[in-house]
Amino acid sequence: MVKKRILSGMRPTGKLHLGNLHGALNNWVELQNEGGYECFYFVADWHALTSDYKDTGLMGEYVIDMVIDWLSVGLDPSKSTLFVQSRVKEHAELFLILSMITPLPWLERNPTYKELQTEIGDKDLSTFGFLGYPVLQAADIIMYKAYGVPVGVDQLPHVELTREIARRFNYFYDEVFPVPEPLLTEVPKLLGIDGRKMSKSYNNSIYLRDRDDVLREKVGSMFTDPQRMRKSDSGRPEICNAFAFHKIYSPSDEVDEIEEGCRNAIIGCVECKKRLAGAILKGMEPIHERQDYYLNNLEKVKEFIEDGISRATEIARLTMDEVREVVKI
Ligand code: TRP
Ligand code: SF4
């Protein structure tokens, strides 16, 4: 059976948090373990450079940290190809060629372009590289002739652009690239401890590396139902972020008990969150074990990465041979 190829990437922002886990990684692991797909997952370090071009000193560390976290949540280099974008130079060549055929208005009207520009307000993002972000992403995807791209809803415009660029290339030169499908990831609604989107830049994240007291303290400070001032007030679990986490980490009979207890003012938020911290720590035990292992065996991590880079490079070379041939260059 020919397996369908899946590809996705993530910018290296350092240590990963539970938002990354439930928003993307668990899905990557599932696709890997389903067995029907050939999975390529890569560290998009050049993409990180499009916004973090000034202070790049920690990039190398971030790349390794991210791969350690990937391995710890169950990505398996014997099943998936894990690699680093900047180490497969063919991405840059394809990016260059695609940039020739991508009309500027396609990039200028890209909604994530404008959003990110406002979100990352402290950096000057009026750069050529940042505008070209989706062209580089298109190169990443079609390089491997991926059938599907698992992404969150925020990335849909990028995949749509990739489809348009692939079609345009095929139309100008020859049918080289399959037009990839976005595989939309279902994401549970989990927020940071302050009730905003979990994000490294908000300082509100629970990290995969958080252990014991650090994690207990963070969970303890989580925002809950703001109308519930004291234990005798009845609460609304449906709007409580802590409850959203309970639904993932606690056994269902306990979730029911907490829901009842909250509504009927039997259980207080302090106790509720204490139990939550315990449940999360328990759920993360296997992750923490693998993390310890890889932190103590960094050479293994590097070996896996090198191995993934060779596998990716092999395919990228073949694709670029084809591209040069049809572009006649
Ligand atoms: N832009 C993606 C993000 O920020 C990362 C990314 C880069 C990517 N290249 C990709 C995702 C190719 C999927 C496919 O999350
Ligand atoms: Fe949220 Fe639990 Fe407090 Fe209810 S008791 S508001 S679910 S933290």
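Miscellaneous remarks
- Translational D in µm²/s for the stretch 11-104 (Stokes-Einstein at 25 °C, 0.890 mPa s, Kirkwood Rh from C-alpha pairs): 168 µm²/s
- With all protein chains in place and a 1.4 Å probe, the accessible surface of the stretch 210-291 carries 51 percent carbon and sulfur.
- Spin-label model, V187/R167: points 7 Å from Cα along the beta carbon direction are separated by 2.6 nm.
- Residue-normalised accessible area of the chain, expressed per residue, 1.4 Å probe, Å²: 50 Å²
- Cα-based shape type of the stretch 1-44, given that a ≥ b ≥ c are square roots of the gyration tensor eigenvalues and the cut on a/c is 1.5: oblate
- The stretch 1-150, relative contact order in percent, only Cα pairs under 8 angstrom and at least six apart counted: 36 percent
- Environment charge of Q117, counting only residues whose C-beta is closer than 10 Å and scoring Lys/Arg +1, Asp/Glu -1: -1
- Taking a sphere under 10 Å around the Cβ of T224 and counting the other residues whose Cβ falls inside, with K and R at +1 and D and E at -1, yields a net charge of +2.
- Its alpha carbons considered, the chain gives a radius of gyration followed by a Dmax of 21.8, 75 Å.
- Computed FRET value (nearest 0.05) for S126 with E30, which takes r as the C-beta separation and R₀ as 41 Å: 0.60
- With a 1.4 Å probe rolled over the protein heavy atoms of all chains, the accessible area of W46, W70 falls in the order W46, W70, largest first.
- DSSP H segments from the chain that extend 18 Å or more along their own axis, Cα-based, with Kyte-Doolittle mean of 0.0 or above: 59-72, 269-283
- Counted over all Cα-Cα pairs of the stretch 210-291, pairs farther apart than 17 Å make up 43 percent.
- Full-extension gain in nm, R109 to E175, via 0.36 nm per residue minus C-alpha separation: 21.1 nm
- Förster-model FRET efficiency, 30 Å R0, S221 and E285, C-beta, rounded to 0.05: 0.85
- Translational diffusion coefficient of the stretch 133-227 (Stokes-Einstein, Kirkwood radius from Cα pairs, 4 °C, 1.567 mPa s): 80 µm²/s.
- Members of K218/K282; K3/K89; K282/K302; K89/K302; K4/K300; K54/K300 lying beyond 20 Å, as alpha-carbon distances in this model show: K3/K89; K282/K302; K4/K300; K54/K300
- Between the stretch 71-108 and the stretch 113-145, the Cα center-to-center distance that results, in Å: 12 Å
- Shape box of the stretch 137-291 [Cα atoms, principal axes, largest first, Å]: 70, 34, 31
The values are calculated or read from the model by the stated rules, or taken from the named source; none is laboratory data. All of these numbers come straight from a predicted model, not from anything done at the bench. Counting neighbours? That spans all protein chains shown, and the Cβs are built from the backbone with ideal geometry, glycine included. What goes into the accessible areas is simple: the full protein's heavy atoms, side chains included, and nothing from ligands, DNA or RNA. Shrake-Rupley method; radii C 1.70, N 1.55, O 1.52, S 1.80 Å.
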